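The values are calculated or read from the model by the stated rules, or taken from the named source; none is laboratory data. Just so it is clear, the structure is predicted and the values come from calculations on it, not from any experiment. Cβ: placed from backbone, ideal geometry, glycine included. Neighbour counts: every protein chain shown.
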Amino acid sequence: MTIELTINGEVRTVTADPRTALLDVLRDSCRLTGAKAVCREGFCGACTVLVDGEAVPSCLRPIGMLDGRSIVTIEGLAHFETPNPVQQAFIDHDVVQCGMCFPGMVMTLTAFLETNPAPSRGEVKAALSGNICRCTGYERIVDAVLSIQDMRKVSGR
Amino acid sequence: MTFPRSVDEALNDLAAAGPDAIPVAGATWVMRSPLRHEVMAPVYVALSGIEGFQRIDVTDEAVSIGPLATHDALAQKLPPNPDLKALKRASARSANPGVRRIATIGGNICTAAFAASDFAPALLSLDAQIEVRDKAGLEWLPVLAFLESRKSRELPWLVTRIIVPRTVRLSAHERLPMRKAGDYPCAIASVSIAVDDRGRIHDARIGVGAVEAAPRRWQNLEQALEGQPVDPALTETAARDLIADFTGRDAVDAPGWYRTSVLPVLLRRAFETIRTDYETRAS
């Protein structure tokens, strides 16, 4: 089956078994390896990408159901030299440890902050409940997210 | 994979492809087939193009839910009224945020092998009706009859609508995952009750999920609570006295004894929510 997708702003045609997970198309056909294949059952969040602006686990999206959709992966979120506010906050707070979960964390939090730009600590934790990190204990990640809120208040954005 | 635009087309596609074809809603269950060591079905019939299947209508009389309404869409659309609290919480707390954006209520209740459905016990407690279409036509089933028919009904069939009646009742939904969120709950309790003029429980409906292989009503506990006050501690005690009604299933996430041990606690928590709503309403 041939499927047309817009991936990180670029229209791409993919030929694949329609039951193939979006995650595998991204990693194996498109060489976009930022989304990680970890649990493959939607529990860990490491493969999270944006599909039409919604953060979803790409391991559970069959490619055949995505014809015409817009996909944004961690590679397409921002330019390497100008990270988005979530990425910058993670750098500033020295949040990243092994790094396996962080592409998914960034995708989830970027979409979350678009709809909830001034969240409480509890709301950030609830938003992250589908993104598992085995290194950090989460608290510094939440601190980093809340610092974005503070920066917005200071800058008046 | 086929993309029917109507229920008739979908039934035709399923019939033409034979018993190995499966209807696909959110695809969150079928995409995990390899993890369950199952062969992926050779033909998917994607239902996402059928008009009205994502629709949710809320009126004072009933909530009408299309089978492809996602958990997230339902959580956002449902009002916070006490009669719908069980359904709203089942929608808002299942799985995790990413899965809730793609998993559907239809997929959740149609997957007979999935023991930890949040919607099945919630719909049992709310006395929902399920609209099913097959070659013979359209049929409305009480949710328990539908759940029991899933493995035996002649293929192909589709759930085409779910109706939850609105009544002056109080409801709650409690679940216990092994983490705070994100994984399957090892026990689920959904409760809906009426309260009479004396403040006594009338017509309790209690749905239990994840404890056994299939969800069901806890009728002995419902009868024991008839005429009792809305008392969480009393409810927990009654649940413990009747817990032999259940044989907990052993699975990777939890042994059977653990599921039955925590179920009375979930009942207490559900009645704490209900008591708060009752006191708010009374004041």
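Tabulated data for the structure shown
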{"read-out": "Where B:Ala95 falls short, out of the listed (1) at positive phi; (2) surrounded by 24 or more Cβ atoms within 10 Å (Cβ to Cβ); (3) modelled with pLDDT of 95 or more", "value": "(3)"}
{"read-out": "Candidates B:Ala251, B:Ala187, B:Ala172 - the one that is under 30 Å from B:Phe53 (Cβ atoms), aliphatic (A, V, I, L, M) and touching a residue at least 60 places away in the same chain (Cβ under 8 Å)", "value": "B:Ala172"}
{"read-out": "The range A:14-33: number of residues that are in a loop (DSSP other than H, G, I, E, B) and either within 12 Å of chain B (Cβ to nearest Cβ) or on the phi > 0 side of the Ramachandran plot (or both)", "value": "6"}
{"read-out": "Hits in the range B:159-195 - residues which are at pLDDT below 95 and more than 30 Å from B:Pro23 (Cα to Cα)", "value": "B:Thr167, B:Val168, B:Met178, B:Arg179, B:Lys180"}
{"read-out": "Qualifying positions in the range A:89-117 - surrounded by fewer than 20 Cβ atoms within 10 Å (Cβ to Cβ), in contact (Cβ under 8 Å) with a residue 12 or more places away in the chain and under 23 Å from A:Val51 (Cα atoms)", "value": "A:Met100, A:Glu114, A:Pro117"}
{"read-out": "Helices (runs of 4 or more DSSP H) (entirely within the range B:58-144) containing at least 1 residues that are touching a Gly at 6+ places or on another chain (Cβ under 7 Å) and within 14 Å of chain A (Cβ to nearest Cβ)", "value": "B:97-100, B:105-110"}
{"read-out": "Number of the condition not met by A:Lys36 [criteria: (1) more than 12 Å from chain B (Cβ to nearest Cβ); (2) in a loop (DSSP other than H, G, I, E, B); (3) in contact with a helix residue (DSSP H, G or I) (Cβ under 6 Å, 6 or more places away or on another chain)]", "value": "(3)"}
{"read-out": "Criterion: in a loop (DSSP other than H, G, I, E, B), more than 11 Å from chain B (Cβ to nearest Cβ) and under 25 Å from B:Ala21 (Cβ atoms) - qualifying residue of A:Gly42, A:Gly68", "value": "A:Gly68"}
{"read-out": "Residue ID - farthest from A:Pro18 (Cα to Cα), chosen from residues in the range A:42-73 that are of a type in the set (Gly, Ala, Ser) and without any contact (Cβ under 8 Å) to a residue 60 or more places away in the chain", "value": "A:Ala55"}
{"read-out": "Residues of the range B:244-260 satisfying the condition of being over 21 Å from the mean Cα position of the chain (by Cα) and either of a type in the set (A, V, I, L, M, F, W, C) or crowded, with 16+ Cβ neighbours inside 10 Å (or both)", "value": "B:Ala244, B:Val252, B:Trp257, B:Tyr258"}
{"read-out": "Residue that is nearest to B:Thr2 (Cα to Cα) [pool: residues in the range A:48-65 that are buried (at least 24 other Cβ atoms within 10 Å of the Cβ), within 9 Å of chain B (Cβ to nearest Cβ) and not hydroxyl-bearing (Ser, Thr, Tyr)]", "value": "A:Arg61"}
{"read-out": "Residues (more than 25 Å from B:Arg133 (Cβ to Cβ), at the interface with chain A (Cβ under 9 Å from one of its Cβ atoms) and outside any helix (DSSP H, G or I)) located in the range B:23-46", "value": "B:Met40"}
{"read-out": "Tally of residues being part of a strand (DSSP E or B) and in contact with a helix residue (DSSP H, G or I) (Cβ under 7 Å, 6 or more places away or on another chain) across the range B:47-57", "value": "1"}
{"read-out": "Flag for B:Glu279 being out of contact with any helix residue (DSSP H, G or I) (no Cβ under 7 Å at 6 or more places or on another chain) and free of Cβ contacts under 8 Å to residues at least 24 places away in the same chain", "value": "yes"}
{"read-out": "Qualifying residue in the range B:17-26 (condition: of a type outside the set (Val, Ile, Thr), within 21 Å of the chain's Cα centre (by Cα) and surrounded by fewer than 20 Cβ atoms within 10 Å (Cβ to Cβ))", "value": "no"}
{"read-out": "Selection status of B:Gly52, within 21 Å of B:Pro19 (Cβ to Cβ), more than 13 Å from every other protein chain (Cβ to nearest Cβ) and touching a residue at least 12 places away in the same chain (Cβ under 8 Å)", "value": "no"}
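Yes/no matrix, rows are residues, columns are (1) within 13 Å of chain B (Cβ to nearest Cβ); (2) closer than 19 Å to B:Gln76 by Cβ; (3) hydroxyl-bearing (Ser, Thr, Tyr); (4) assigned to a loop (DSSP other than H, G, I, E, B):
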| position | (1), (2), (3), (4) |
| --- | --- |
| A:Ile91 | no, no, no, no |
| A:Cys98 | no, no, no, yes |
| A:Gly104 | yes, no, no, no |
| A:Pro119 | yes, yes, no, yes |
| A:Glu123 | yes, yes, no, no |
